[in-house]
Amino acid sequence: MEGKLYLCATPIGNLDDITLRVLNTLKEVDLIAAEDTRHSIKLLNHFEIKTPMTSYHEFNKIEKAIYLVEQMKQGVNVALITDAGTPGISDPGEELVRQCYAAGIAVTSLPGPAACITALTMSGLPTRRFCFEAFLPSDKKEKQRILDELKRETRTIVVYEAPHRLVRTLKELYEALGDREITVCRELTKKYETAFRTTFSGALEHFEENEPKGECVIVIGGRSAEDIKREENESWASMSVEEHMEYYTGQGIAQKEAMKLVAKDRGLAKRDIYRQLMVH
């Protein structure tokens, strides 16, 4: 009988947040794959868990996933844990899950702590629709591509950042998105947990004077649909009707359909667009 992969969420700060199901699973599986065995041994020792451990991290994820899948094929049950939070969320766990599905190995996820959800729910910002960006890319071109995409994002945005890069990232987000409502969450679930509800400009003023400490989650209010519509209207207003028509006909859209689209963009009747074109 084949083994199974158990994705086990571990505390992001407060050890009391571990679930009974995760504790039982970590004791019962044959092997625990940990992002950092030196870090995770403290957790296992605290709860008197004696299960053997092996390392699984960003730099060995391909080869180690192949090995772990082979072990599971032979009946070994494996629990995957990350340094903190839910495996597969902004960590190498997603590669092991992918390989398990490719090999037909069963995968289950044991719910528990996740910094992105903890921060989102306590942010005071809309939670019904959100997008998660984890850490912004270190590559400049890739980072700029992501920032350009986020400019029109109407959902609440969740971003991770380390304390020593927080001010730089806040500046980059401010320049790209404008002065949005944000909540900066720090030291989640720990003794000195804070949720600072402010704006980008307010956060920059604060953290340039007060050195940030602890891992941070930045929750950002999405752009309003009204703002996007207003920007579009301003853009169309800066064009002549002829230029506006050319914008659509240049995409291969028929004259009649282009006229309909121009009328919609400008909030006018189609006949009004026709008259303006005839005058010119």
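Tabulated values for the structure
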| item | result |
| --- | --- |
| Members of segment 199-219 that are surrounded by 15 or more Cβ atoms within 10 Å (Cβ to Cβ) and either outside any helix (DSSP H, G or I) or hydrophobic (A, V, I, L, M, F, W, C) (or both) | Thr199, Phe200, Ala203, Leu204, Phe207, Pro212, Gly214, Glu215, Cys216, Val217, Ile218, Val219 |
| Selection within segment 12-37 - touching a residue at least 40 places away in the same chain (Cβ under 8 Å) and either of a type in the set (Ser, Thr, Tyr) or not assigned by TED's automatic domain parsing to the domain that holds His57 (or both) | Thr19, Thr25 |
| Pairs, first more than 16 Å from Ala195 (Cα to Cα) in segment 120-132, second polar (S, T, N, Q) and not in a loop (DSSP other than H, G, I, E, B), C-beta under 6 Å, six or more apart | Phe130/Thr156 |
| So Val159, is it without any contact (Cβ under 8 Å) to a residue 40 or more places away in the chain and in a strand (DSSP E or B) | no |
| Qualifying position, being more than 16 Å from Thr108 (Cα to Cα), aliphatic (A, V, I, L, M) and touching a residue at least 12 places away in the same chain (Cβ under 8 Å), among Ala9, Ala84, Ala79 | Ala84 |
| Any hit, segment 27-40, residues being among the hydrophobic types (A, V, I, L, M, F, W, C), part of a helix (DSSP H, G or I) and either over 18 Å from Gln71 (Cβ atoms) or touching a Leu at 6+ places or on another chain (Cβ under 8 Å) (or both) | no |
| Top-ranked residue of segment 72-107 - restricted to ones that are among the polar types (S, T, N, Q) and under 18 Å from Ala9 (Cα atoms), ranked as nearest to the chain's Cα centre (by Cα) | Ser90 |
| Those residues of segment 59-71 which are out of contact with any strand residue (DSSP E or B) (no Cβ under 6 Å at 6 or more places or on another chain) and either in contact (Cβ under 8 Å) with a residue 12 or more places away in the chain or not in a loop (DSSP other than H, G, I, E, B) (or both), in sequence order | Lys61, Ile62, Glu63, Lys64, Ala65, Ile66, Tyr67, Val69, Glu70, Gln71 |
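The values are calculated or read from the model by the stated rules, or taken from the named source; none is laboratory data. Predicted model only: the values in this text are computed from it and were never measured. Note that each Cβ is placed from the backbone with ideal geometry, even for glycine, and that neighbours are counted across all protein chains shown.
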